[in-house]
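> Got a structure for you, written out below as structure tokens; questions coming shortly.
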Amino acid sequence: MSVRKFLLTFTIIVIILTSSAASRTSRQPKSSYDIIIAGGGTGGISAAIQAARMGVSVLVVESSTWIGGQATAAGVSTMDDMSRQMSGIYEEFISRIKSYYDSRGKSMGTCYWYTGSRAFEPRIGQEAFISMINEARRKGTLEFLMNSEIVAVDMNKRAVSGVTVRTPSGNRNYACKVLIDATEYGDILPITKTPYRAGNSVSKFLNPDAMIQDITWTAVIKKYPGGVPAYLKPEEPLPGYELAKRNYDSFVSADGFNFKNTYPVQTPVNFMTYVAYRGIPDSSNPYDYDASKENRPYITKTGLNWGNDYPGTYGWVNGRRGLPVSYLEDRNLRLQVEREALIKTLHLIYYIQNELSEDWSVPDDEYTNRILPEAARTLPREWQEIVRRMPVIPYVRESRRIIGSHTLTSQELARNSLSYRDGHTSREFSDAIAIGGYILDLHGANTDADTEWELDETMKHQELNRPRGPFQVPMSALIPNETDGLIAAEKNISVSRLAAGTLRLQPITMMTGQAAGALAAVSIRDGKQPRQVHPMRVQWELLKSGVSLSLCKYSDVPPEHSLNHSVQISNMYGLITPNEYPHAPSFNIQEWDNPVLEMAIIKGADKGVFGVDDIITGDDVEEILTRAQNALKLKNAGKVDVEKSAKLISRSDFVKAVCDAFPVLKTIKPARDSRLPFKLGKNRNSEYAEILGRLGILNIYGIESEFHYGYPVTKGEACDVIVRACIAALGE
């Protein structure tokens, strides 16, 4: 497909998607949905796709004209991911974008001076999201209201029951069972009177002068070899340019330094180095490039997201770095701040064109905004032409954060990230619903006075609690402590400020968003409030959806292994002790290429041995079932009593032991179309094999024509059967 044809198709798709009806079939949204999602950013879109795939009805309410939030609408399309792994919707998203660039012979490794990075043009990311949305619509209802905002929430006692949405055509009311806050600011929390943190203060005693991180109104710019068109090169700078110029002189100059593969980076850098930091592929360029040193001079498209944080170097007031919490609370101040942030980036574009004499400006093939952001409506017309080709929202790094039953701290992240490293064994969160990896990164508001002392955090912990590898996010961080029917899915989850500094990036917000969608769908399916749903039910859905949850990897249970999902559950709940744990070294997560870790991976030290084919005894089964009962905390758990427990256990005795341990399984009615995966045959325990078989708990034996009662049970078989039994028992 030619670039012109692609852009025409893309524009038509965006117009359809951003219409007030927001439906490919031109239907008006109905009046009631299972789930309503406030915000169509990385978390909101991921939640919507996951929930729709699980067959529920979803309405997304997005205040801008773009979906994708910080990754696309805000233009931060250089992925900040140090986890060394991808899974779930994030992996699908990246894979679709990679297919696009692969077909054009282009690399995605164009940013951060590192060829292993992942970057894309925002419109290509938007198109990937749109294709995933359309496919999700085939399984469930998924509709959109664009350029709209939730302005009121109906509450039945402490539970959400519906919302009022302000749309371009007036207010509309919608009922829902679950509301997901995936806004960039956590804007649903005050509306629902949900307790939250903002900066280092809490909502009941909110300090409007507490500080949060800088924002950035980014831009995408490209090189114009024949010179920048006149309409993309304003003649006069905006007021305040001289102060901005002094700031940019310290970041990038014509005779600045090259990046020398060491940190911290020596500044000011030269323009080539600056461009390579946030370099992105360029579909309009017939040639390929990546972030390697020899290719950096040929990069023709980049993102402006360095040196233009607002307020940035000069701070807010009295030299204090960051923004006040009142930015989140006061809409008038929010508009003022975002206008200044936008102007700061416009100053940068003028600086590049006039002080550095570079023929770069915003591209015509990226953003084409018919509706100007409110922050730009008082700008001179020549500058409005630039803004029409810029991201439609600012990059907001810090929002309100719910107060959940548990608040995840940086200490816990660091401890969790040491699981199976440097001699440690499991420090996994049993209720893990996502895996991420990044440093504890605060842009402003980074003094001891800005931290949360009551959570035992000061700025010294930014380095002391730096994650030593990938880390998990627990489900408890998504659920507010006092409001039912509400789930957090973005930067608003229950975490400390330092932890929020690593959980605000695009890859992990996609993962927490996907988990929020799964949690909401399971709660609706089970007829329970989100806080009443056992994490294992949600984890099973996420695992089936291709999400990796456990930090422990085994050489004998690779990702494609049929028992991989069950083994991950076993890891998190400590159901079965493996033969050998991984013993990889910890590493500096900021180092893209760590030779010590790379050698450990080559030697296989990052993987343990589960012992999937080992034969187990009755003693083993009794211990595993007891651990499973403790993990589920079932009120009606049965007595675990395995005969001849010191000997190898037969399948016959095993199925009876499972049914005895979970009596509720005997009361569950199997689905009408349920079929046994094998012939039963006669045995004293055939009734138990039939119960488990019709519930799908014995699917591991489906490859056999007949159930062999006398065969021994392997560790892998026991793991799969018991985990599936737990899932079934929790569903009742």
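> Go through 52-65, 280-293, 593-606 and give me the packing order, highest mean Cβ count within 10 Å leading.
On the way: 52-65: 24.0, 280-293: 18.5, 593-606: 13.6.
The packing order, highest mean first, is 52-65, 280-293, 593-606.
> Considering only W453, H424, N134, whose Cα is most displaced toward the positive end of the charge dipole of the chain, charges sitting on Cβ of Lys, Arg (+1) and Asp, Glu (-1)?
Result: N134.
> Next question. Beta carbons within 10 angstrom, averaged per residue: use that to sort the peptides 116-122, 489-495, 696-702, highest first.
Going by the mean number of other Cβ atoms within 10 Å, highest first, we get 489-495, 116-122, 696-702.
> Ordered by residue, what ³J(HN,Hα) values in Hz, to whole numbers, does region 403-420 give under the Karplus form 6.51 cos²θ - 1.76 cosθ + 1.60, where θ = phi - 60° and Gly and Pro are x?
For region 403-420, the Karplus-derived couplings read 9, x, 4, 9, 10, 6, 10, 5, 4, 5, 4, 4, 5, 4, 5, 8, 3, 6 Hz, x marking Gly and Pro.
> Continuing with this model, one more query. How would L634, L243 line up from fewest to most surrounding beta-carbon atoms within 10 angstrom? All intermediate terms of the calculation are to be shown ahead of the outcome.
On the way: L634 19, L243 11.
Ordered by Cβ neighbours within 10 Å, fewest first: L243, L634.
> How far is the Cα center of region 666-696 from the Cα center of region 134-159, in Å?
Comparing the Cα centres of region 666-696 and region 134-159, I get a distance of 40 Å.
> Taking region 353-451, how much of its Cα-Cα pair set, in percent, is spaced more than 16 angstrom apart?
Values: 3668 of 4851 pairs.
Summing the P(r) of region 353-451 above 16 Å gives 76 percent of all pairs.
> A further question on this structure: Whole-Hz Karplus ³J(HN,Hα) for region 246-263, in order, using 6.51 cos²θ - 1.76 cosθ + 1.60 and θ = phi - 60°, x for Gly and Pro?
With the stated coefficients, region 246-263 comes to 4, 5, 6, 4, 7, 9, 8, 9, 4, 10, x, 8, 7, 5, 10, 6, 9, 10 Hz.
> Continuing with this model, one more query. If you average the C-alpha positions of region 30-105 and of region 294-358 separately, how far apart do those two centres end up, in angstrom?
Region 30-105 and region 294-358 have Cα centres separated by 25 Å.
> Which entries of K139/K633; K177/K544; K260/K607; K177/K553 have Cα-Cα distances beyond 27 Å here? Write out the running numbers ahead of the final one.
On the way: K139/K633 33 Å; K177/K544 24 Å; K260/K607 34 Å; K177/K553 37 Å.
Flagged as over cut-off: K139/K633; K260/K607; K177/K553.
> Using only the Cα atoms of region 145-234, construct the convex hull and provide its projected area averaged over every direction, in square nanometres to one decimal.
10.3
> Moving on to the next point. I need the per residue convex hull volume for region 552-732, using only the alpha carbons, in cubic angstrom as a whole number. It would help to have the intermediate numbers written out before the result.
Details: hull volume 25.5 nm³, N = 181.
It comes to 141 Å³ per residue, whole-number rounded.
> Got a sec to turn the phi values of region 79-84 into Karplus ³J(HN,Hα) couplings, 6.51 cos²θ - 1.76 cosθ + 1.60 with θ = phi - 60°, whole Hz, x for Gly and Pro?
Values, residue by residue: 6, 9, 9, 10, 7, 6 Hz.
> Right, another one. Enumerate the amide H contacts of S32 below 5 Å, restricted to partners 5 or more residues apart or on another chain; note that Pro and chain-start residues carry no placed amide H.
For S32, whose amide H was placed from the backbone, the distant partners under 5 Å are A175.
> Can you tell me the order of 674-686, 34-46, 571-583, 447-459 when each peptide is scored by its average per-residue count of other Cβ atoms within 10 angstrom, highest first?
Result, highest mean first: 34-46, 571-583, 447-459, 674-686.
> Rounded to a whole number of µm²/s, how large is the Stokes-Einstein D of region 496-538 at 37 °C and 0.692 mPa s, given Rh as the Kirkwood radius over C-alpha pairs?
Result for D is 287 µm²/s.
> About the Cα centre, and with charges only on the beta carbon of Lys, Arg (+1) and Asp, Glu (-1), how big is the dipole of region 552-732? Nearest 20 debye, please.
900
> When Lys and Arg each count +1 and Asp and Glu each count -1, what net charge do the other residues less than 10 Å away from L440, Cβ to Cβ, add up to?
-1
> Please report how far the C-alpha centroid of region 550-606 lies from that of region 232-267, rounded to the nearest whole angstrom.
Region 550-606 and region 232-267 have Cα centres spaced 43 Å from each other.
> Give me the three principal axis extents of the chain from the C-alpha atoms, as integers in angstrom, largest value leading.
90, 58, 56
> Same structure again: Within 11 Å, Cβ to Cβ, of D214, how many net charges do the neighbouring residues add up to if Lys/Arg are +1 and Asp/Glu are -1?
On the way: positive: R321, K344, R397; negative: D309, E398.
Neighbour charge sum, excluding D214 itself: +1.
> Per-residue ellipticity at 222 nm for the chain, helices alone: DSSP H runs ≥ 4 residues times -39500 (n - 2.57), over residue total, nearest 500 deg cm²/dmol?
It lands at -9500 deg cm²/dmol.
> Please report the antiparallel percentage of the DSSP beta bridges confined to the chain, to the nearest 5.
Of the beta bridges lying entirely in the chain, close to 60 percent run antiparallel.
> How big is D for region 580-651, in µm² s⁻¹ as a whole number, if Stokes-Einstein is applied with the Kirkwood radius of its Cα pairs at 4 °C and 1.567 mPa s?
Here the translational diffusion coefficient equals 82 µm²/s.
> Can you give me the long-range amide H partners of V557? Hydrogens built in the peptide plane at 1.01 Å from N, cutoff under 5 Å, separation of 5 or more residues or another chain.
Result for V557 returns F610.
Just so you know, all these numbers are worked out from the coordinates, no wet-lab data involved. This structure is a prediction, so every number in the text was calculated from the model and none was measured. Note that we place each Cβ from the backbone using ideal geometry, even for glycine, and neighbour counts take in every protein chain shown.
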